[in-house]
Structure formats: C-alpha cells, structure tokens
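**Student:** Structure incoming, see below.
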Amino acid sequence: MSPVSRGFHRRRQDPAQTAGRVPPGQYVTKDFPVLSAGPTPHTDLDRWSFSVGRRGQQKTWSWTEFRALPSQDVTVDIHCVTKWSKLDTVWQGVSVDTLLDLAGHDGPFAMAHCDGGYTTNVPVADLTGGQAWVAYAYDGQPLEPEHGGPARLLVPHLYFWKSAKWVRSLELRDTNDPGFWENYGYHIYGDPWREQRYAGD
Amino acid sequence: MEALDGNAIGGLLIEVFGTEMTAAPTVCGNCGDARPVAELVVYLRAPGTIVRCRTCDSVLMAFVTAHERMCVDLQGLAVLG
Amino acid sequence: MAGTALRRRLTWQLAKVTAVTTETASVRTVTLDVPDWPGHQAGQHLDIRLTDEDGYVAERSYSIASAPGEPVAITVERLDDGEVSPYLTDELRAGDDLELRGPIGGYFIWEPDDGGPLLLLAGGSGVVPLRSILRHRERTGSTVPVRLLYSSRTLDDVIYQAELDQPARGVEVIETLTRHQPPGWAGYARRVDAALLADVAWPAAEMPLAYVCGPTSFVETVSQALVQSGYPPERVKTERFGATGGT
C-alpha cells in the first residue's frame, strides 16, 4: 500500500447507521455521483419509445402509452461497482414484470439497449418477481438526463452498471451475451453481496 | 461531469505504452477523424476510462483495471502513433 | 513530434511540501521538493495520489505552475464538492509528504523554438499551465510576442494577479470578469465570445500558436471560434479541465 497521506480521508457516513445494508467493500454516500462512459443523450419524448421482446417481435410503447401503464413507487438501496452505495433512494417506474406480461416473455436472458449505444445483460429471472423497473422519476422529480432520463433500468440487487441509463429496449435472447462493461472485464452477473465486480470473481 | 480530453490520460498512457502518447496521431476506425490523442474525448468518471472520437462518439480506447490487471481495448482506432 | 517522445518509466515518488501559499480565497499554490525530478517542460502536468488509512486511493492531475528550472509547484482550486482539492488547499502543510508522478505531457507544451506570436487563453484555473509558459518565456529571454486573454468570475478569483499586473516585455494581458466587475473596471465584462476574440486574437495571417485551457465548455467555445476565424486546427492546442478546477 502507498504511504498514507496525513489527514486524508474520504467522506463516509456513520457505519452504525448502515449496519447490514452495505455490501462488502462499499462505503455509503449522501451524494448521487454521475458516472458516464459517453455524452449524455437527449431524446425528445415524442420520439422516445420503449420495446420488449425478441428482435423482430417486440412490443413497443410510446412515451404517452408507457406513462399510462401501472407504476410503482419504490425505495431501494443502490450499489455502484466503483464502491459507493446510496441508501433509501426513491424511484417511480413501471415494473419489468408488467412489461414482460404485456409483451409475452420468452427467453432466459435480456440485453438492455440504450440511447448512446450502451448495453448491459441481465438474466430475465433477475428482472422479474418485483426485482426490476423501468424508472422515469427519482426523488419525486422526472429523472434528469445525467441520471438516465427520460427512463432507465433499475435493478438494485445487482451492481448499478446493470441499471442501464437511457434504456430504450429489453431484447430477449437465448444466450447471456456480455454488454458494454462486461466485454471489458466486468462480471457477467454482478452480485454486490458476493462482490462480483470483475470476471472471475 | 463534463468530458475531458486526452491530456487527462497522459500518465495512464505512459503506464500502458511506456512512452509519452498525448501528441501521437490517431485515426478513428469508424469515421476517419484524425487528431492527436490529446484532442480525443475522455470519460474518467466511470467504471473504466473510455476514450471517444470527437466527431462520431465511437469508442476508440477503453481501459479497465480489475484486480491490479488492466484490460486495454484499442479496437476502435484505425491508427495510433 | 516523434523526437519529443520519451522512453522512461513513470514511477510514483514521495515529494516533500515546502510551502502552501494563498493565491485567492479558494486557490493555493503548493511548492514541492521532488528528490528525483527529471525536469519538466512548460505546460506539463503531474499526477497526485492520496491514500487514506483504509487503503482508499484518490488520484488527480494538476498542471505545473512553475517554469522549467524553478522549484516544482502546482496551483490548486478548491472545489466545494471535491474529494482531493479541499485536502490540498486546506489540510496540506509544509513538511508533509505528497505522492506524485510526472512530468506528463507532450502536446500541451511550449518551447521558445516553437515560436509565435502566442495567444494564451485561460478560463479560471486554466491559467496555471499558461503561467508556466509565460515564466519559461521570460527566463529564456524569448522575445516572442504574447497575448494572454484570461477569463475569471470576479476580480477576487484572478490568480497570479500581482504577476499579471507587471507582465514581462512583449506580453500583453487582457482580462475579462464575467460575473462581477469592480467600479472603474476597464477590462472586458463578459464571457469570451467570437467578437471578443476578434478584438484580442492575433490575426490568423500571422500564423499564431494558440493554447486554450480551462473548463471544457470554455475550451470548446474558444477553440471553435479561433478555427472559424482562420486559425489552422493544428495551431490551436487545447487542455480541458472539466466543469471547474483541475483535471
């Protein structure tokens, strides 16, 4: 380890308040850091659409149609692979269960496709059973572009790179193909409680 | 956080290539845009360092460090140096 | 350019802080004694690495403020939500160790043989590497004409004001204050735009060399305007610092 810099410490929240909620290697932050691998897309709502299904057989909703779907308010903890965790984050969105029921789901794996070209892969079993949403509001406000607005995938039980920003479709597939970060060596699944940050963990 | 430019990865590139690289010429493999490394678009605040073409946004270089080993992907470049 | 490539290892080393001096309310210059410093070029930067007791590591880059031959110094602006900058400006003191590696940079550098006339364009703390260039020019006795256009929010935010009030011969300093100007202010009072550049910049026909440094949005606006006014892109060098402060 490098020599310790006298008097330097990162910001951290009182550990006693967060016992049991913080996966190994994480620290709690009150900020909401913005991490991005590319420019922030800005998609007009009248051109936005969201699709679910196998390629060529997708069900598609316009923004108006999407917002008319039943939605949920959820409070969840989120964990970024860069080691920050944020507790009790409040979101509003459509459950992926709802979307898959309407689209007729078929296929064990999903690839999320996003404006700007980002992708990430998640097993369908991790998107159902109340574990995932397509969220369009954070903390009571419309989701800001820098945090993934108009809508992002929200899969809080996995590292937050799986909660793809600017999501536009969930493509169902038979194979668990790696997405953007997975291709560069991040873990194919990404369970924070087993500290699955990188391939081979 | 706004994007930076290739100057910000000067140290990283010396680590990877063993030599100063910010003045090295590059050509984007997607659109042919040509400019020195220093003028490429760099995203540092991410699970890895991503370097993109200033004209077409294609990923030109990606650097991910996992367990003290760095994965370096340069597939987006047609020319480097 | 190939001739300036350096084959060497870039290793982290421990430097000793010899002084922390106040430039403005939020800006400090940290002067360092670096035992194995190989020398640097004007415009280069170094990387700083901080480690806490848990082994958490934070790294940032800072432009070198001093000229080649002077003690190594960096100038740091404290960002309110920064993780590293408040430590460097508020906690660090003479006698402390600081881990660094450098010098780094082969593009945003100037040597007297590169010629001019020079147009230096600074947005906020972007003035730091340009000040290194100015000091190097003076120390080498170069007579290349220079114009420095320096944009700050208020007069209290201007770094190196005393030095810039007494520029070396052949150096013209033009300041603009974008947020608030004192009574009697004779400089510009707005963000740098194409019209302001048209007033200040060397005509493209004189084959000037331009160095633009500061927040990303400042660099984009200024460099694009220069190229549109006829500066060849390869004679406009850019270094982006992100929204504010250091890299």
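**Student:** Sort through A:THR64, A:THR60, A:THR75 and tell me the only one that's part of a strand (DSSP E or B) and farther than 18 Å from A:VAL155 by Cα.
**Tutor:** Selected residue: A:THR60, the only one of A:THR64, A:THR60, A:THR75 that is part of a strand (DSSP E or B) and farther than 18 Å from A:VAL155 by Cα.
**Student:** Do we find that C:LEU196 is away from chain B (no Cβ under 14 Å), closer than 30 Å to C:LEU88 by Cα and without any contact (Cβ under 8 Å) to a residue 60 or more places away in the chain in this structure?
**Tutor:** no
**Student:** If we keep just the residues of the range A:154-182 that are part of a strand (DSSP E or B) and not aliphatic (A, V, I, L, M), which is nearest to the other protein chains (Cβ to nearest Cβ)?
**Tutor:** A:ARG168
**Student:** Hey, C:GLY141 hits all of (1) crowded, with 16+ Cβ neighbours inside 10 Å; (2) without any contact (Cβ under 8 Å) to a residue 40 or more places away in the chain but one; which does it fall short on?
**Tutor:** (1)
**Student:** What residue, among those in the range C:103-138 that are surrounded by fewer than 22 Cβ atoms within 10 Å (Cβ to Cβ) and at pLDDT 95 or above, is farthest from the other protein chains (Cβ to nearest Cβ)?
**Tutor:** Only one residue tops the list, namely C:GLU138.
The values are calculated or read from the model by the stated rules, or taken from the named source; none is laboratory data. What you are looking at is a predicted structure, and each value in this text was computed from that prediction instead of being measured. Virtual Cβ from ideal backbone geometry, glycine too; neighbours counted across all protein chains shown.
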